[in-house]
Structure formats: structure tokens, C-alpha cells
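First the structure, in the form of C-alpha cells, and then the observations on it.
Just so it is clear, none of the values below were taken in a lab; they were calculated from the coordinates. Here the structure is a predicted model, which is why all the values come from computation and not from measurement. For neighbour counting, all protein chains shown are included, and Cβ atoms are generated from backbone atoms with ideal geometry for every residue, glycine included.
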Amino acid sequence: MGLNQPIGIVADGIVVSFPIFNAAHRSLKRTVLHATTGGRVARESGSRVSVCALDRLSFHIRPGDRVGLIGHNGSGKTTLLRVLSGVYEPVYGRISVQGRVASLLDLSLGMDLEATGYENIRLRAILAGLTPAEVQAKLEEIGEFSELDEYLEMPIRTYSSGMMLRLAFAVSTSVNADILLMDEWLGVGDADFSKKATRRLEELVDRSPILVIASHDPKLIARTCTRVLRLEHGVIVEELQGRQLQALAA
Amino acid sequence: MWGLLGLHDIKQRYRRSSLGPFWLTLSMAIMIGTMGMLYARLFGQNVSEYLPFLAVGLLVWTFMSTAVNELCLSFIAADTIVKQIKLPLTVHVARVVWRNVLILAHNAVILVPIALWSGKATPLGIVTALVGVFFLAVTCLFLGLILGILCARFRDIPQIIASLTQIVFFLTPILWKPEVIADRIWLVGFNPIFHYIELVRAPILQGHVPVQSWIICAAISLGLALVATLLLARFGRRVAYWL
């Protein structure tokens, strides 16, 4: 990743297709049998089905862009977010992502139920690639925000689901990134905490040059986004901008 | 990063026991003690010769077999992370290898009284043995990349590996000394696992460097490194799709 290159995302005809494995494809024995017998034995492992999740997408996202992804379930929104986070490498096409990426796709990522709150914060920070000094600074800030205080010394399996969510939220939103990826707007907890959480998330979004969010909520999209891509069956069917977005909320 | 993650794994595993990882060491010590007595008698061998042989062999074997079996699952067990954050796949493998090296380090405590008792360990021998352990760990790293990628794709490989390790355990001179089958000694010579164990066992027990074993192991590890590099370049990016 070049440090002097400007932040941004350029996708050029990216294709993502998933192989769908059943038990037979998962088996080495069957695959070997299939290969050595010319397909007569273990025939079911022959025709492998694959699903095309994203079909030749091209787009360009610049700093300042707030991109909303809309579309039905299975239209490819989450897959696209995963491609942007670098987890899925496109089968064809090229994608270049410049900048630090933070994905808030799964809040409870890498949390360990047996470990204490503090240890979980550390664990997540390690995964995010922070240095021990940075981690130390994070510990206090996250502890304070989550209002979990002495509970942070206990294994998180003793937490209520609300407390768990608070911790996960506090940890996930303590990042600094150039590109923020979100699957639905995050909300947590009781009324008081929810307000605090919304403020924190808005601050995070405000200080991130690029936001890409997938959502089913048209009002939210109209409120936060500057551009909207509508996906259907892995294809961008339309792009909405400016005033068209207001029509979405109506 | 892998260092911290591996350390975390160890802490987690023994969270609720006061002895911590030394539980493993204790059970290992008891096993080596009883098996040493029993088999020395069965094979009609001198306990003071047989026990150190068994102890070193069994420790190295336990490290290798546990590591190999866990390495099969290194990506499968970390699937939520693999599908969420872009990390080099090597991190997940190194985490598992490091975790097992730490356990081996705990178990190595058993060797201290045994080495003092047998009195054949030399400083040079111990240094060579440590180099051997390091070499084993690096080899596991390559093997782990290969197994991890294959196992993510073919889910029956872990079971195959598990049964194979059982068989290899009995075929390899760990419980029995190579001299026992002097008339079929080629069986031992062709067993790569024997040579890998010798890298650590020979310097501790006899205080000499097993040159022949080093050459054989270096060749095998180089081959593994090559295969691992090719597999990683070809299929590394597909692993997230397979999980």
C-alpha cells in the first residue's frame, strides 16, 4: 500500500463467485475417486455449482463519499463489503483500495467468552494491529465509554447480552480509519446508552473520509449518504445522487 | 501478533486451573515415568538408559503430532477472523505453532532431572537440541500452511491425518529403540519422522550432532517450504471462500 497515494477505492469489472460445496466436494476421497475413475464413480462430486455473487462491478469512490448500498437480501451487498475489506479477492477484475480500512461487519469478532473484558479489548486491538502502547490508551477510553467499570475484570461469559453488546460496540468503534465499512447502522442498549452510542458512531463516521454502508433502511440511507448504489443479483442496476436520494426517504 | 495470540490461547486454556499448563507437564511426567518402568522391563532394557530415550522421544513426538493435528484446523478454527480481517494467512499458522512451542517449553522441565541423572548432556548438545527444536517449529510452519489450505478445502483430511499419526507413532522408534529391529534397520532409515526426532534426541542423549539426519531433514523441509510457497501463491486467496 503506497503511503503517498490518495485515499480511495477503484473497482474495475470485479467478479466474485462462490463455489458451493456439498459433503461430496468436501471429501478428498471422493475427489480422488472421481479423478481416477474418469467420473464414473462418485459422480455427484463432478458438477460443481458456483454462485456468481458480484458480476462485473466497476465504480470509483473518492474521499468525502458516503456510499449507501441497497438491494434485496442476497443481492451482493455484504459480499461487496467483504471485497472492500480485502477478505475476498475478486476472481476476475481489479480492485484497488487505498487507505486504512475498518470493517464493522461483525461486532463480536474474535471475542473470547472465557476471557475478561480487558483481555478481550486487548485481543481485538492485537487483531487490529495496534502497538501495546496504543492498546493501553484504548483500554481506559473503552472502559469509560462502555460504563462497564469493574465488570471489565470478569470473564465476559458472565455478562448480560446488553453488556456484551456495549463492550463489542465500544471496541469496534474505537478505531481510526480512512475507509469505514458498515452492514446496517449499529445501535445498542437502553435509551440513555443508545443516544451516547449514536453520537459516538456519528463522530466516527464524520472523521472517516470514506463510508460504505449497506442498509435496508431508506431513511437512514437518505440521511447519511451522498451516493447510493442499488444492487440486484450482483449487478449495480442504478446509482442515485443528490436530490434523487430524498425521493428514497419519501 | 501471532506471538500475543498464541500466548492468549495458552492463558485461556488453563484459566480455571491453578497449576496452569503444568497440568499437562505433570500428566506427561507421570506417563513417562510409568511407561518408562513398564517398557524397560518388557524390552528387557536398563531403566537408566531407556527412560531418557523415551522421555525425549515422547516429548518431541507429542509436540509434532499435536501441532500437525491442530495445524489442520488453523484456518477452520479462525474462520470468523479470516472472513473478517485481511491478515496474512501465516499469522494463523504461526499462532498455532507458537502455542505448541510454549507447551513444549513447559514440558521440557521434565528433562532437567533426567538429563542430570543420565549425565550425558553437554552444553553443546543442549544448544544443538534447541536449534533442532527451532528447526522443527519452522518446518511445522510450512507444513501448517500446506495442511491448513488443504484442510480448508477438503474437510476429511484432518481425520486422515489423525489416523496416520496413530500409525506413525508405533512405526517410529519412540517406544522402542532402533537397535531392537537391527535386521530391518532400513525401516527406521526411511522414516522421516525418526530423523526429525533425532535432531533433538541425539544431542541430548549422546551429545553428538546427527549429521545424516540434519541433511535428510533439511532436504525435506526445503521441499515443504517450496510446496507451501506454491500453494500459498496459488490458493491463498481462495481460502476465505472455502471457509
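Roughly how big is the protein assembly as shown's charge dipole about its Cα centre, with Cβ charges of +1 (Lys, Arg) and -1 (Asp, Glu), in debye to the nearest 20? Can you show the working numbers first?
Numbers: 46 positive and 37 negative charges, 244 e Å.
Dipole about the Cα centre, nearest 20: 1180 debye.
Any chance you could give the angle, 0 to 90 degrees and rounded to 10, that helix A:191-207 forms with the longest Cα principal axis of chain A?
Helix A:191-207 and the main axis of chain A meet at about 70 degrees.
At a threshold of 8 angstrom on Cα-Cα distance, excluding pairs fewer than six apart, so keeping six or more, what relative contact order does segment B:2-242 reach in percent? It would help to have the intermediate numbers written out before the result.
Details: 250 pairs, mean separation 64.3, N = 241.
With pairs under 8 Å counted, the relative contact order is 27 percent.
For segment B:130-173, just run the numbers: alpha carbon Rg, then divide by 2.2 N^0.38 Å, N being how many residues it has. Write down the numbers at each step before the final one.
Values: Rg = 12.6 Å, N = 44, 2.2 N^0.38 = 9.3 Å.
Its radius of gyration relative to the 2.2 N^0.38 Å reference: 1.36.
Only Cα pairs under 8 Å and at least 6 apart count here; give the relative contact order of chain A as a rounded whole percent.
26
Before rounding to the nearest 500, sum -39500 (n - 2.57) across all DSSP H runs of length at least 4 in chain B and divide by the residue total; then give [θ] at 222 nm in deg cm²/dmol. Please list the in-between numbers first.
Working: 13 runs with 187 residues, N = 243.
That calculation yields -25000 deg cm²/dmol at 222 nm.
Counting only other chains, what is the mean number of Cβ atoms within 10 angstrom of the Cβ of each residue in peptide B:78-84? List each step's numbers first, then the result.
Numbers: counts 1, 0, 5, 5, 1, 7, 9.
Mean partner-chain Cβ count within 10 Å for B:78-84: 4.
So what J values fall out for segment B:43-60 if you push phi through Karplus, 6.51 cos²θ - 1.76 cosθ + 1.60 with θ = phi - 60°, rounded to Hz, Gly and Pro as x?
7, x, 10, 6, 4, 5, 8, 6, 4, x, 4, 5, 4, 5, x, 5, 5, 5
Between the helical axis of A:132-146 and the dominant principal axis of chain A, each derived from Cα atoms, what acute angle in degrees is found, rounded to the nearest 10?
Helix A:132-146 sits at roughly 70 degrees to that axis.
If you line up the long axis of helix A:161-172 against the longest principal axis of chain A, both from Cα atoms, how many degrees apart are they, to the nearest 10?
Here the helix axis deviates by roughly 90 degrees.
Within chain A, what's the longest run with no trypsin sites (Lys or Arg not before Pro) in a DSSP loop and at most 11 other beta-carbon atoms within 10 Å? Give the range, please. Could the numbers behind the result be given before it?
Values: sites that count: A:Arg40, A:Arg48.
Between the exposed loop sites, the longest stretch runs A:49-250.
Rounded, prolate or oblate: which one fits chain A, using the alpha carbon gyration tensor with axes a ≥ b ≥ c (rounded when a/c is under 1.5, else prolate when a/b beats b/c, else oblate)?
On the way: a/c = 1.96, a/b = 1.28, b/c = 1.53.
Judged from the Cα gyration tensor, chain A comes out oblate (a/c at least 1.5, b/c at or above a/b).
Per-residue ellipticity at 222 nm for chain A, helices alone: DSSP H runs ≥ 4 residues times -39500 (n - 2.57), over residue total, nearest 500 deg cm²/dmol?
Working: 8 runs with 86 residues, N = 250.
Value at 222 nm, helices only: -10500 deg cm²/dmol.
Measure up A:Lys29/A:Lys77; B:Lys11/B:Lys177; A:Lys29/B:Lys177; A:Lys77/A:Lys195; A:Lys219/B:Lys83; A:Lys138/A:Lys219 against 31 Å on the Cα-Cα distance and list the ones that go over. Working shown, then result.
On the way: A:Lys29/A:Lys77 36 Å; B:Lys11/B:Lys177 36 Å; A:Lys29/B:Lys177 35 Å; A:Lys77/A:Lys195 27 Å; A:Lys219/B:Lys83 29 Å; A:Lys138/A:Lys219 33 Å.
Too far apart for the 31 Å limit: A:Lys29/A:Lys77; B:Lys11/B:Lys177; A:Lys29/B:Lys177; A:Lys138/A:Lys219.
List the Cys residues of the protein assembly as shown that have no partner Cys with a C-beta closer than 4.7 Å.
If one checks each Cβ against the other cysteines of the protein assembly as shown, A:Cys52, A:Cys225, B:Cys140, B:Cys217 turn up with nothing under 4.7 Å.
Specify the inter-centroid distance of segment B:88-161 and segment B:19-66, based on alpha-carbon positions, in whole Å.
Cα centroid to Cα centroid, the span is 17 Å.
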